[in-house]
Amino acid sequence: MNAAPLMPKATAVWLVEHTSLTFDQIADFCKLHPLEVKGIADGEVAAGIKGHDPITSNQLTRETIAKGEADADFKLTLAPSKVHLPEFKKTNRGRYTPLSRRQERPNAILWLVRNHPELKDAQVMRLVGTTKTTLQSIRDRTHPSFSTLSPLDPVTLGLCSQLDLDMEVTRANKDRPQAAVDHGATLLSAEITTGPRPEASFSQEDVFGAKKPKAAELPEDHVDVDSVFAKLKDLKVKQ
């Protein structure tokens, strides 16, 4: 798939006004929809946009336009660039921290370690642009100036943005295993409690609950001493 020209709508405006190319040819070259090109010709689309000459910008040649005007099936292509730009290679460099803020890194690391222990070492290193050695020394409290450090928010210090911090915290929480939550006893659904049940399944225990166990019966030869003395007392009173 060919790349689109610079300022595709402005280029389409110029081609509509200065050439006899078909709407399909212009749409294919500018990577627009044919109806959008028709709207440009009718003045309904791209109103107020000044046309851009693709010939002066070395994107098209007059010979290519002439071939397109002569053959409706001819597809326009971008002219080869005369300037060869070197390929950009992305390097994985750490976050740049201004010199005036570098001395605040240990304070920011201490704040992150205390307030967000779920963050991994790589995440803390990305946020404040530190090294693993410095981070580990603060975790182990072996940093040379650990006693003078004070936890400070890295967002307030300008070492990272609040959006970056929130994204790292959210990512760390997703990676943590979720603890099982005990919701306690739950109510049965209405379908179960109000639904029809066979009569044979109802019992006295289902309605009134289980009966309490009866007290163990006393043996026949057991003598209640209190009741005997109470009867003797009653006899004395009557006499």
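The values are calculated or read from the model by the stated rules, or taken from the named source; none is laboratory data. Quick caveat: nothing in here was measured; it's all calculated off a predicted structure. Quick reminder, even Gly has a Cβ in these numbers, built from the backbone with ideal geometry, and neighbours come from all protein chains shown.
Structure values in brief
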| item | result |
| --- | --- |
| Residue count for region 36-84, restricted to those that are more than 47 Å from the chain's Cα centre (by Cα) and among the aliphatic types (A, V, I, L, M) | 4 |
| Condition check for PHE29: assigned to a loop (DSSP other than H, G, I, E, B), in contact with a helix residue (DSSP H, G or I) (Cβ under 9 Å, 6 or more places away or on another chain) and modelled with pLDDT of 90 or more | no |
| Flag if GLN59 is within 17 Å of LEU6 (Cβ to Cβ) and crowded, with 19+ Cβ neighbours inside 10 Å | yes |
| Residue under evaluation THR130, criteria (1) under 26 Å from LYS174 (Cβ atoms); (2) of a type in the set (S, T, N, Q); (3) part of a helix (DSSP H, G or I), criterion not met | (3) |
